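The values are calculated or read from the model by the stated rules, or taken from the named source; none is laboratory data. Bear in mind that the values here come from a model prediction, so they are computed numbers and not experimental data. Reconstructed Cβ throughout: ideal geometry from the backbone, glycine too, with neighbour counts over all protein chains shown.
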Amino acid sequence: MSQAYNNGDLVKFNGAKFIYHDSFYGLNSLHGLPNIPFEEFVEKTFQLGGLTVNYKGFADAKNFVYPYLFENSANLANMCHSCGHIGIAEGLGKAIQELQLPPWQIALSSGIGCGGKLSSQYKAVLPENYAASIPNEGAVAAILKDAGVSLTTVTYLEQLLNLNRYHVIHGHATSHAFGLAMTQPGLVNIVAGGDGDLGAIGLPYLKRLIQNNVNTLVIPMVNEVYGLTKGQPSPSTAKGLKGRAMPDAMDIMPIDFVLETLAIPESTYVARVIANNRKAMKEHFISGIMHNGTAIVDVLSPCVTWNTEHDGKYYELYAVDVNNFNWDDVQTQLKELGEEIERFQTAKSIQEGKVQDSKRLKLEVETRKYNLFHDLLQEERIEQYDPTNKDLAFKVERRLVEAGFCAIGLIYYNKDSVSYQDRKGLLPASPIGNLTTEQLTLSLDNLLSLEDIM
Amino acid sequence: MAQSLDGILEGIDGHDVQVTFSQRNGIGLNTVTHMLGRILFHSGYFASTHAIFPSNIKDENESYLNWFDIRGNKAGFKGTKEKSQIVVAMYKSPLDYLIEKVQDGGIFIYDSNLIQELSEPHLEKLRVKNATIYALNLKELANIYSTTGKGETKQHNFARHSILLGFVLGTLGINETYENTITKALQENFEKEGKSTASAKKLVDQNLEWIKKGWEIYTEQETKLGWQISVEKSLEEDYLFTTGNDMLAAGAIKGGARVYLGYPITPATSVGDAMYSMFVKLFGKNSGDYLFHQAGAELEAGQMAVGAARGGARVLTASALPGVNNQWESIAMAAMAQTPGVLWTNVQRAGPSTGLPTRTSDEDLMTMIYGGGEFPRIILSPGDINSLATIPVKGFNLSDNSHLQVMLLSNLWSGMNYFTVPKISKTEFNPIDRGDFKVPDEIAQQKTPIQFARYLIDLIAEIRAPGSPGATMQRSALAKMVQEIFQVGGAGTYTEAPESLALLKEQLSKRIELVADSLPKPVLYDANGTRGIYDSNANLKGDYGLIVWSSSVEPAREAQAILRHKYGINVEILHLQTVHPIVESHSEMIRQFVDHYQDGNKKVFVVEQNFEGQLRKILMSESVLAKQGSIVPNVGLVHKYDGLQMTADYIIRNMGVSS
C-alpha cells in the first residue's frame, strides 16, 4: 500500500521524481483534480522476458481518477488509417495511464517526420463522470471569465493537464531530451522518432544519449521508409526491399537500432516490439519508463502507404521472440505446419494454392529462423535466451539481421544501471530549472570567490 | 649613460611600455608572458597581452608565426601598440615582423644560438631605428643554469625564457629592489594556473633564480640604456588581470546561468573552461546546482541548450562561426517556439568556415542578423572588455522578457588575451529579471489561469518548465497556431491557414517593442574621453566622429586620447552595444551624431573589423541613416580584415587626419 504524501515531500513514483505540491492536485488553485488517492495504489508487477517489472497502480482500472485518458484513437496527428504509429501512440498512452503519472512530470520530445508526429497525438480527456460534475466548476468558470480566458472549464483543464510535448529539429529529439534531463532530472523523459530521424541524421546523438545513460525512454519507430517526404529509403530499409516510391531495391543491409545500442559499452536496456501488439507495447513502455537509464524500445511500425510489403504479418514472420522460445514446441509447430501443407497438397483447388503459398513461405521462413536461433543458443550451450548477457544479445541480433531476421522482446537489460542524473548528482528535489531568482543571484562572497580564480 | 625614458616611452603621460616575446609555439612562451603581464600589473600598470599564435600544438619545424606583446600603461588603455620598446626573438621565422616592431631607439634581443646571425637587411633596419642589439646564447645559459642535465627539455625552455625575462626586467630597471613585487606576481601567476600555494612557491623560487641570472647577464652588458620605469602600487585592490572569456563566464553566472553547453572550438573553448572552474569553485563537483557538458558537436549543444532552457534554466552556449553555423536550426526553432533562456554567444574569429582559427575579426554581424531564417532577434556586443562581465545579465533578462532569441558577439582578441579589468565585485549590479517565468512554488500559489496563447505581443505566454502543471506544446514555426490563439485565452492547435502565418510574422516582429527601452543604449565617449550613455542633449563638439562596435572601441579610445593630447584634435566616439535591432530611439541618436559631422571639414567613420563594412552598411540603410526623403549622409569606413586587432595608430592613419 502506498502512503499519502505531504506538501514538500520528494516523491519517487513510477519512474518520476518530484516534489509533491498538494495544491497541484486541488481544483481550487486551478491546477488539477481532487487529490490522488495514493493510499489506494497497490504494488503491481509483471514479467517481461525474465525481468520482473514493479510499479504502483490501481487494482482496478475502472477506478482511474487521474485525468490522462489520452485520446489516441482520435488520431489527432492525422496519420494514415491503420498506420503503425497510431498503435504506438495508443500503447504509450496506455502505459502512461496505467502508471497514473502526473502529466506534467512527463516530457515527450519528437523529431521530424511521421515519427515526429507522436508529440501531437496526445490530448487529455477528463473522465466522463468527472466532466459531468466538476467540483467548484462555478468558481473556476468565474476565474476564467475574469481573466478573459475564452475556454470552457473542461477545455481549459484538458489543456492544462496534457503532458509536455516538444516537436523539435530533425535528429535531435535525443539532444533535446538530454537538455531537459539536465535541468529537470526527475521527469519521465520520452523520445520518439522515425528511423531517419534517429538512425540517419540523429544516430550520433542517439548514441551520445545512450552512452551517457540518461534516464529516458527512446522509441525508434521503424518502418523502413521516410514517410512524410513520400517513400524514400531509410537506413533501416531491409536488403532487397523496394518500397513503392523507391527507384531501386535496397542493395545493402540495414542499420539496426538494437545492434547500435548493444555496441555501446554503457548501454543498459534494449527491446523491440511490433506495433500491432498493443499489450506488448504497453508492457514494454512501462518497463522502459521504470528502467533507470536509457531504455531503447524499438518498434516495428508498418507504413501502410509507402511500405505495404512489410506489414505487421511480415514483421511477425521475420522476427524471433527471444523471450518465449521453446525448441520442442517450435519443432512440434513446424511439423504440424508441414503436415498441414501436405494434407492440402492433394486438393485440386487453385485458390487453395494461394493458401498453400503463404503456408509454404511460413514454413520455410520459420524453419530457417528458428533453426538459426536454436543453433545460436546451442553454440552458447544454453536452452533459453538470457537477456542479461550482452555478448549473447549482440551475437544473436547480428546473426539474425544478417540473415534477414531480427529479435523481438526484451533483448538486453542491466538492472544495475546508474543513470546520468545519478552520476551527475542532479537533484530531483531541487532541479536546476527550478532555482529562484534569489538562488541564482550571486552574493558578494560568491563574487570574491570567483575573483580568486580569474 | 642614463637616458630619460620619456623620450622613448610614448603615450599620454610617459608611462607606457611594451615588450614582445617571440618563440616557436608549444614550448612554454605563454608562461613568461603572463608572468611579465602580472609583474606590470602589480607595478601599477594596466597590463594587457596580445597573442599571435598558430593553429598548431607544437611547431617542430619552426615555420609558424608566434609572438606575444605585453603592454603596461598608466592611462588605462586596453590592447597593444604596433611598436614595442623591447623585442625578443627566439627563432627565425617571424624576424621580418619582429624587426619591424622595434620602436625607434628600442632594444632588440635575440637568441644567438637559434639565430646564428642577423642578415644585413635586418641589421640595416635596426641601425636606422637606432636600436640597441643584444645577442644572448640562451641555450648555453639555459644549460648552465637549468637544474637538470644536458639535452633539450621542458626545464631548459623554462630556464631560457625566465632568464630572458630577467634580462628584460633588467633593461626596464625592475631589479632586486622590486623582488617582492616580482615574487608576488609570480606566486599569483602559478596559483591561478591551478598550482597549490606550496608548489607555486617552489616554482617562484626556481624562476626567481633564473630571473636573477638574467639580471646578472644584463648587468654585464657593455651597453645599457639606463631605463627606469616607475614601479608603484599594485592595481590588485580594484582590478583583476584576466581574460575576456573569463569575464564573459563570470558575467553569465552573475546573470543567472547555471548551465553551460558547448564544444571545443578556438576561441570559445576557454569560456567553457572558465565556467566549469567557476561552477566548481562556487558549488563543488557534481553538486546538482549546475551543469557543464561538453556535447558531441555544436549542433548537439544547441538543441541541448534549448531543452535545458525549456527545463527552466538560463543557459550559456559559446562557439565561433563554424559552430554557430551548425546551430542555426536550433536557434530558429527556439525563435519560432519562442523559448527564452539561451544566450547564444559567437566569439568571432577570422573566417568564414575554418578560416584562420587563431585570428580575430568582427565579421559575423550580418550572419547573426540574417542567419537561420526570417525571424526577429536581439544581438548584443559588449565591445569593451569591462562590459563582457556586465552585459550577459542584460541579455538573459531581454530573453525572458521578450521571448526573442538573444545573441552575444565577442571575438578572439577580447576573449583569449589578458587585460586589466575592474573587479566583478566592484562593478554595477544588474538584477536578474526573469519576466514571467515561474517556479513550482509560485505556480502552486497561482490563482489566475494560465494563458496558453503564445503569439500575442501584448500578452506574453507564461513560461513554466515541465514538472509543474500547464504543459504547452512547443513546436517550431510551421504555422502552429489557430485563429483562436490570437484571441486572449485561446488554445493552441495545429493549423495551416494562410492568414495565421501572416499574422504570426507580424506579431513576432512586434515583440521587440516589449523590451525596446531595455536594450543597452549607445555609449558616448565625449571629447574628453569620458564615458556615458548617449543623450540626445549631448553637446557634440568633435572634429572627427567614430562609430564603433565590438572590440574596436578599445583602440578607438586610445586613438581619441592620442589625437587630443598630441594634436589637439577632438574626437567623439559612439559605441553601439546593441547592434540589432537598431530601434528608432537608437537610430535617432545615431542620426543626430552623424549629422553633427556633416559640417565643413568634420568627418565621421564607422570603425570595424571586417571586409564588407557590415555595420556601416546597416547604418546606411533606410532604417537608420537613409530614411526616405532624407539626404544620405557622408560616412566613411575604417576597417581591418587581416585577422589582427586594430591599434590606435592604425585608426589614426586611416582617418586621414592632417596634424
Response to the item:
All conditions in (1) crowded, with 19+ Cβ neighbours inside 10 Å; (2) assigned to a loop (DSSP other than H, G, I, E, B) are true of residue B:190 except (2)
Discussion item. Can you find, within region A:106-120, the residue that is nearest to the other protein chains (Cβ to nearest Cβ) among those that are at pLDDT 90 or above and over 19 Å from residue A:201 (Cα atoms)?
Written reply: A:107
Worksheet item: Of everything in region B:352-369 that's more than 15 Å from residue B:412 (Cα to Cα) and not hydroxyl-bearing (Ser, Thr, Tyr), which residue is surrounded by the most Cβ atoms within 10 Å (Cβ to Cβ)?
Response: B:368
Item to complete: Tell me which residues, restricted to region B:54-85, are among the basic types (Lys, Arg) and touching a Gly at 6+ places or on another chain (Cβ under 6 Å).
Response: B:58
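If I filter region A:190-197 for residues that are within 7 Å of another protein chain (Cβ to nearest Cβ), touching a strand residue (DSSP E or B) at 6+ places or on another chain (Cβ under 9 Å), more than 16 Å from residue A:296 (Cβ to Cβ) and surrounded by 24 or more Cβ atoms within 10 Å (Cβ to Cβ), do I get at least one hit? I'd like the intermediate steps shown before the answer.
As a first pass, look at region A:190-197 and keep what is within 7 Å of another protein chain (Cβ to nearest Cβ): none.
Within region A:190-197, none of the residues are within 7 Å of another protein chain (Cβ to nearest Cβ), touching a strand residue (DSSP E or B) at 6+ places or on another chain (Cβ under 9 Å), more than 16 Å from residue A:296 (Cβ to Cβ) and surrounded by 24 or more Cβ atoms within 10 Å (Cβ to Cβ).
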Worksheet item: From the residues in region B:312-329 that are farther than 13 Å from residue B:262 by Cβ and either crowded, with 24+ Cβ neighbours inside 10 Å or of a type in the set (S, T, N, Q) (or both), which one is nearest to the other protein chains (Cβ to nearest Cβ)?
Response: B:312
Worksheet item: If you scan region A:380-432, which residues turn out to be touching a Lys or Arg at 6+ places or on another chain (Cβ under 9 Å), part of a loop (DSSP other than H, G, I, E, B) and at positive phi?
Response: A:404, A:425
Discussion item. Return the residues of region A:410-451 that are out of contact with any Leu (no Cβ under 8 Å at 6 or more places or on another chain), surrounded by fewer than 19 Cβ atoms within 10 Å (Cβ to Cβ) and more than 7 Å from chain B (Cβ to nearest Cβ); say none if nothing qualifies.
Written reply: A:414, A:416, A:417, A:418, A:422, A:423, A:430, A:438, A:439, A:443, A:445
Discussion item. Of everything in region B:402-442, what is surrounded by fewer than 20 Cβ atoms within 10 Å (Cβ to Cβ) and touching a His at 6+ places or on another chain (Cβ under 7 Å)? Give them in sequence order.
Written reply: none
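Do you know which residues across region B:92-125 are assigned to a helix (DSSP H, G or I) and surrounded by 16 or more Cβ atoms within 10 Å (Cβ to Cβ)? Can you show your working first?
The first filter runs over region B:92-125 and keeps only residues assigned to a helix (DSSP H, G or I), leaving B:95-101, B:120-125.
B:95, B:98, B:99, B:101, B:122, B:125 - these are the residues of region B:92-125 that are assigned to a helix (DSSP H, G or I) and surrounded by 16 or more Cβ atoms within 10 Å (Cβ to Cβ).
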Worksheet entry | Residues (within 25 Å of residue B:435 (Cα to Cα), in contact (Cβ under 8 Å) with a residue 24 or more places away in the chain and facing chain A (nearest Cβ under 7 Å)) located in region B:291-311 | B:291, B:303, B:304, B:305, B:306, B:308, B:310, B:311
Discussion item. Just the residues that are facing chain B (nearest Cβ under 7 Å) and out of contact with any Asp or Glu (no Cβ under 9 Å at 6 or more places or on another chain), please, taken from region A:162-182.
Written reply: A:162, A:163, A:164, A:165, A:166, A:167, A:168, A:176, A:177, A:179, A:180, A:182
Fill in: Residue in region A:294-307 that is crowded, with 20+ Cβ neighbours inside 10 Å, assigned to a helix (DSSP H, G or I) and touching a residue at least 24 places away in the same chain (Cβ under 8 Å) present
no
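Residue check: is residue B:281 within 9 Å of chain A (Cβ to nearest Cβ), assigned to a helix (DSSP H, G or I) and surrounded by fewer than 24 Cβ atoms within 10 Å (Cβ to Cβ)? Explain how you work it out, then say what you get.
Values: within 9 Å of chain A (Cβ to nearest Cβ): yes; assigned to a helix (DSSP H, G or I): yes; surrounded by fewer than 24 Cβ atoms within 10 Å (Cβ to Cβ): yes.
Yes: the conditions hold for residue B:281.
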Worksheet entry | Cβ-Cβ under 7 Å pairs, at least 6 apart or on other chains, region B:503-515 side under 8 Å from residue B:402 (Cα atoms), far side part of a helix (DSSP H, G or I) | B:511/B:402; B:512/B:402; B:514/B:401; B:514/B:402; B:515/B:398; B:515/B:401; B:515/B:402
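With the condition kept exactly as written, say whether any residue in region B:334-341 is under 29 Å from residue B:644 (Cβ atoms) and in a loop (DSSP other than H, G, I, E, B).
First pass over region B:334-341, keeping only residues under 29 Å from residue B:644 (Cβ atoms): none.
Within region B:334-341 (the criterion being under 29 Å from residue B:644 (Cβ atoms) and in a loop (DSSP other than H, G, I, E, B)), the answer is no, since none of the residues qualifies.
Restricted to region B:226-237, and to residues that are more than 19 Å from residue B:170 (Cα to Cα), surrounded by 13 or more Cβ atoms within 10 Å (Cβ to Cβ) and not hydroxyl-bearing (Ser, Thr, Tyr), which residue is nearest to the other protein chains (Cβ to nearest Cβ)?
In the first step, residues of region B:226-237 are kept if they are more than 19 Å from residue B:170 (Cα to Cα); the result is B:233-237.
The next check asks that each one be surrounded by 13 or more Cβ atoms within 10 Å (Cβ to Cβ); those that pass are B:234-236.
Narrowing further to those that are not hydroxyl-bearing (Ser, Thr, Tyr): B:235-236.
Working: B:235: 13, B:236: 10 Å.
The extreme case among them is B:236.
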Worksheet, complete the sentence: Quick count over region B:253-290, residues being free of Cβ contacts under 8 Å to residues at least 12 places away in the same chain and in contact with a helix residue (DSSP H, G or I) (Cβ under 7 Å, 6 or more places away or on another chain), is 2
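Taking region A:201-235 as the search range and keeping residues that are part of a loop (DSSP other than H, G, I, E, B), in contact (Cβ under 8 Å) with a residue 40 or more places away in the chain and aliphatic (A, V, I, L, M), which one is surrounded by the most Cβ atoms within 10 Å (Cβ to Cβ)?
As a first pass, look at region A:201-235 and keep what is part of a loop (DSSP other than H, G, I, E, B): A:201-202, A:213-215, A:223-224, A:227-231, A:234-235.
Checking which are in contact (Cβ under 8 Å) with a residue 40 or more places away in the chain leaves us with A:202, A:213-215, A:223-224, A:227-231, A:234-235.
This time we only want the ones that are aliphatic (A, V, I, L, M), so: A:214, A:228.
Working: A:214: 26, A:228: 15.
Result: A:214.
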